[in-house]
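Asks: A single structure is presented below for examination.
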Amino acid sequence: DTRFLRRFELLVDGIAPLPLSARRLSSRESIHFLTNPRLAGAARGTLGIVRRRRTGNGFHEDIDVESYGDAEASFTLVIGFEADFAHLFTVKQAVERGEVPCRPDELTFDTLHEGRTQRIRLGRDEAIRETVLSFGVRPDAISEHEARFDVRLPRGEAWHLCIDVAVRVGTSLCE
């Protein structure tokens with residue numbers, strides 16, 4: 001009954017992509033079709049963005065971006081994330097009061113696997129709670145709250161990113 005990921009968002013040059021459609025493929029899978037707003041390095045609607053997500057004890061997401069414009073597209077894709085490990089009753093009470101639960105001071109952040117993984121941890125020994133985000137492409141920059149990818153797409157080309165989010169309670173890792 002713990003929230004392991006409070007925020008998980010995709011931004012293109014700091015702006016949320018424009019939704020086109022979405023479909024549930026099964027009780028654990030969905031696909032979302034998006035495009036870009038007007039960007040400095042890409043005209044509006046020239047990028048096709050597809051997000052495919054499978055959930056379980058964590059989730060796996062594939063993000064595909066394809067350039068349909070007449071010129072090379074350049075943009076920064078950011079995956080923003082936060083964990084607070086709040087109990088669901090705490091979350092519910094905060095939402096009812098219009099508040100956001102506070103982030104615990106005891107969180108630690110580790111960048112692992114040559115910058116491809118960000119681990120957010122609360123607690124020690126047997127009382128551990130962890131959210132681990134692993135990226136199939138090494139981010140150009142990774143921090144406590146985001147992974148940044150600087151993308152240059154020639155006309156007609158595609159770019160792919162896969163993300164695995166795993167959670168851990170105690171000493172068991174659930175993927």
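Asks: Only sites in a loop by DSSP and with at most 14 other Cβ atoms within 10 Å count here; which trypsin sites (Lys or Arg not before Pro) in the range 1-63 make the cut? Don't skip to the answer; put the middle values down first.
Replies: Details: sites: R3, R6, R7, R23, R24, R28, R38, R44, R51, R52, R53, R54; in loops: R3, R6, R28, R38, R44.
Here the sparse-neighbourhood loop sites are R28, R38, R44.
Asks: On the full set of protein chains, 1.4 Å probe, figure out the accessible area of E114 and give it in Å² to the nearest 10.
Replies: Counting only protein heavy atoms, the figure is 150 Å².
Asks: Provide the three semi-axes, in whole Å and in decreasing order, of the ellipsoid equivalent to the range 10-66 as defined by the square roots of 5 times the Cα gyration tensor eigenvalues.
Replies: Equivalent ellipsoid of the range 10-66: 24, 11, 8 Å, largest first.
Asks: What is the percent carbon and sulfur in the accessible area of the range 112-154, measuring with a 1.4 Å probe over the protein chains and ignoring ligands?
Replies: Numbers: 990 of 2350 Å².
With neighbouring chains kept in place, the figure for the range 112-154 is 42 percent.
Asks: What FRET efficiency comes out for L18 versus E106 if R0 is 45 angstrom and r is the Cβ-Cβ distance? Round to the nearest 0.05.
Replies: 0.75
Asks: So which chymotrypsin sites (Phe, Trp or Tyr not before Pro) in the range 1-74 are both in a DSSP loop and have at most 16 other Cβ atoms within 10 Å of their Cβ?
Replies: The qualifying sites are Y68.
Asks: Also: When only alpha-carbon atoms count, how far does the chain stretch along each of its three principal axes, as whole angstroms with the largest first?
Replies: 54, 38, 30
Asks: May I ask you to derive the FRET efficiency for R138 and I31 from their Cβ-Cβ distance with R0 = 22 Å, giving the value to the nearest 0.05?
Replies: 0.30
Asks: Counting Lys and Arg as +1 and Asp and Glu as -1, each charge on the Cβ, what is the dipole of the chain about the Cα centre in debye, to the nearest 20?
Replies: Using Cβ point charges on Lys, Arg, Asp and Glu, the chain gives about 500 debye.
The values are calculated or read from the model by the stated rules, or taken from the named source; none is laboratory data. What you see is a predicted model; the values in this text were computed from it and never measured. All Cβ positions, glycine included, derive from the backbone under ideal geometry; neighbour counts span all protein chains shown. The accessibility values were calculated without ligands, DNA or RNA, using every heavy atom of the protein model including side chains. Shrake-Rupley method; radii C 1.70, N 1.55, O 1.52, S 1.80 Å.
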